[in-house]
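K.L.:
Following this message is one structure expressed as structure tokens.
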């Protein structure tokens, strides 16, 4: 039994437990164990089980190890079969329909006899769903829209999940005795926010086609296709790998070809052609047919008369011409950030105290942390009442008095109300070092009405940052209707920063708009929207999206020192 197949079983057990209404810590334990097993990357768990090494793996406990033992000894899980007997397997698919909660799935099953996606769709279309108590015609329409959305997104996964899968596969490929080098390519290397498959290029010391085919015979595979040195592998958990095996001397060109979008590659190839060079497969050669040595990607771009283009930028947004003019921006680095501003604590819906968040931020090497708990209108997120916010400010003052070389800033994530006003009164808003404005309600407003709402909010001189501006949740919720260009122009004119929210489910502002914001002169703030100490680590993904939008350190608010951030906010109030 391989670790990927076992992890898939544990994940399905966790989903069944959720549907059954089990204690959430129990279902979470199975999800965690599945991730831990996947990270092991073992083709055979039996030796690890016998030696006791498996019991020492973080995230695995007696219950989950019992499942693994069952799988190793019989090839099946009696626990999973028991859960399947108690609940239709088709209900698991319903968990992927946006806005369909576990409670609603149970209700649909018990009251309407719905046990599969096909039955749900039919019930929504023929009117039966609208007759279920608590549902109604609008809910039925939303569910139909959610099913369509789910199908469109079914082949995609969030970057953060795909990166974990990709790195696990990369480790396995690098461990092959005939692989001299292997690297991620494709959309993962370009750091796209959602990923369809994992692309890996491997330089092989033995015949590339033999190495490629050897990976089609490993454990945990549902299907494999492709001939010679290029194969596509679909694993039991749905992960898809496109593997390109080449000889070492062809690696650089193969890696370059497997990374950029087609129009980027065509643009570079055209410049190579203008210099008497042609790209044939994974070889660059002179028109006479002599191959030109390309030891790395830098050599390819240099041969085309260009500067090397960072992988994140190879999206055909004009980077070919800019690289040829030797005018590429110096892209933002994670180390350029001095602190972060969008963070939550136990005062609202966070899981950590202010001091715990501050210590975690210091461990990142930052010199400040902004606390921005939800305002009181955000009842869904335990919004902070006025008197409790004043208590928070006292706590921050006391903490700052004890800290050396680090500062906690007083911020708030104030709801933008339907009429465009910011939550809280003016007197309290004046007390904050900065104010983040965001929308958490009335997502269904029309485009003009929603745009007016946001523009009105930016007229308030207290507003420092517009957070997650389009409200999207990747693979779950579309952006709300909004004239983004009008919002960006207003932000540039008013001196309001716009957030690039680093939560992997949001990554909002979209990187396409980030480049437009840069061109308009909008200041961007990169916010982790952290609800725990671990959430601070999402900042790195925000930096990746900023790089895709061509941002330099000078474009980003939180590359500035704390005093400069406060001064940025205060300028609007003068």
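K.L.:
Arranged from highest to lowest average of other beta-carbon atoms within 10 Å per residue, in what order do the peptides 506-512, 290-296, 482-488 appear?
P.N.:
Those peptides, ordered most packed to least, come out 506-512, 482-488, 290-296.
K.L.:
Would you mind checking the radius of gyration and Dmax of the range 446-574 based on alpha-carbon positions, in Å?
P.N.:
Rg then Dmax for the range 446-574, in Å: 14.0, 42.
K.L.:
Rank-order 167-180, 548-561 by packing density, defined as the average count of other C-beta atoms within 10 Å over each peptide's residues, highest first.
P.N.:
Packing order, densest peptide first, comes out as 548-561, 167-180.
K.L.:
Okay, moving on. Run the quick spin-label model on residue 76 and residue 444: label points 7 Å from Cα toward the beta carbon, then report their separation in nm to one decimal.
P.N.:
The answer from the label model is 4.6 nm.
K.L.:
Another question about this same structure. Using R₀ = 41 Å, calculate the FRET efficiency as 1/(1 + (r/R₀)^6) where r is the Cβ-Cβ separation of residue 316 and residue 66; round to 0.05.
P.N.:
0.20
K.L.:
Expressed as a whole number of Å, what is the distance separating the alpha-carbon centroids of the range 350-413 and the range 264-331?
P.N.:
48
K.L.:
Contact order normalised by length for the range 91-153, with contacts defined as Cα pairs under 8 Å and 6 or more residues apart; what percent is it? Can you show the working numbers first?
P.N.:
Details: 56 pairs, mean separation 22.8, N = 63.
Normalised by residue count, the contact order of the range 91-153 is 36 percent.
K.L.:
Here is a follow-up. If neighbour count is taken as other Cβ atoms inside 10 Å, put 65, 416 in order from fewest to most.
P.N.:
With the fewest neighbours first, 65, 416 line up as 65, 416.
K.L.:
Using alpha-carbon pairs under 8 Å, 6+ residues apart, how would you state the relative contact order of the chain in percent? Walk me through the intermediate numbers first.
P.N.:
Values: 1071 pairs, mean separation 53.7, N = 574.
That works out to 9 percent.
K.L.:
What value, in deg cm²/dmol to 500, does the helix sum -39500 (n - 2.57) over DSSP H runs of n ≥ 4 give at 222 nm once divided by the residues of the chain?
P.N.:
Per the formula, -13000 deg cm²/dmol.
K.L.:
Suppose a student asked you for the relative contact order of the range 134-249, using Cα pairs under 8 Å spaced at least 6 residues apart; what percent would you report?
P.N.:
The normalised contact order for the range 134-249 reaches 21 percent.
K.L.:
Using a 10 Å cut-off on Cβ atoms, rank the peptides 275-281, 565-571 from the highest mean neighbour count down. List each step's numbers first, then the result.
P.N.:
Values: 275-281: 13.6, 565-571: 18.0.
Highest mean packing first, the order is 565-571, 275-281.
Read the figures in this text as sums done on the coordinates, not as results from a lab. Everything numeric in this text was worked out from a predicted model, so none of it was measured. Note: ideal-geometry Cβ built from the backbone for every residue, glycine included; neighbour counts use all protein chains shown.
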